[in-house]
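Please read through the structure below; I'll follow up with questions.
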Amino acid sequence: MTVTQRRGRRIMMTASELDTFLAEQRTCRVATVSADGRPHISALWFAWDGTALWLYSLTRSRRWVELRGDPRLSVIVDDGHDYGELRGAELSGDAVFVGEAPRSGAPCPELDAPERMFAAKYFELDAMPHDGRHAWLRLTPDTVSSWDFRKLPQG
């Protein structure tokens with residue numbers, strides 16, 4: 001993963017801070033590109049494994065269709081209310097479809113860890129409940145940009 005930082009280095013999250021932040025947050029905004037070039041943004045839950053962002057998406061969604069045509073993906077995860085509290089990360093790269101679509105729970109070793117993390121985080125379960133409507137996308141980011149305005153001098 002290449003870290004690209006257009007913002008000042010003093011507000012960039014360290015690798016450890018970024019891992020903690022992404023593990024704690026629940027919702028991200030996912031940007032895809034339609035066939036005519038228009039951007040489309042939608043909110044999703046996600047799991048972060050320290051290397052990749054795992055997205056559990058409806059297979060009949062506009063997002064899924066757009067990614068089938070063009071795998072480019074950008075995701076924003078952010079938090080904070082007041083200006084001095086704002087922090088977040090933008091992760092970009094190509095989406096990879098993992099496992100069956102839609103997911104019914106057939107064995108897929110690559111999904112064992114993400115499904116355990118996701119089930120615990122969002123459902124307080126040990127195993128992932130499958131509804132036959134969702135499937136997995138993995139984003140191993142090519143670029144990451146982060147910010148934490150709490151690092152700015154207060155005053």
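The values are calculated or read from the model by the stated rules, or taken from the named source; none is laboratory data. This is a predicted model, so every value here is computed, not measured. All Cβ positions, even for glycine, are placed from backbone atoms using ideal geometry, and neighbour counts span all protein chains on display. Note: areas computed on protein heavy atoms with side chains; ligands, DNA, RNA excluded. Shrake-Rupley method; radii C 1.70, N 1.55, O 1.52, S 1.80 Å.
How much length would be gained if the chain were fully extended between Cys108 and Leu152, taking 0.36 nm per residue of separation minus their Cα-Cα distance, in nm to one decimal?
11.4 nm
Sticking with this structure for a sec: Using a Gaussian network model on the chain with a 10 Å cutoff between Cα atoms, which of Arg38, Arg72, Arg60 fluctuates the most?
Checking each option, the largest mean-square fluctuation is seen for Arg38.
Using a 1.4 Å probe on the protein chains only, how many percent of the accessible area of the chain belongs to carbon and sulfur?
52
Still on this structure: Considering amide H positions built from the backbone, and no H for Pro or chain starts, which residues 5 or more places from Gln25, or on another chain, come under 5 Å of its amide H?
Answer set, sorted by chain and number: none.
Now for a different question. Simple spin-label model, 7 Å along Cα-to-Cβ: Ser16 to Arg72 in nm?
So the two model labels end up 3.6 nm from each other.
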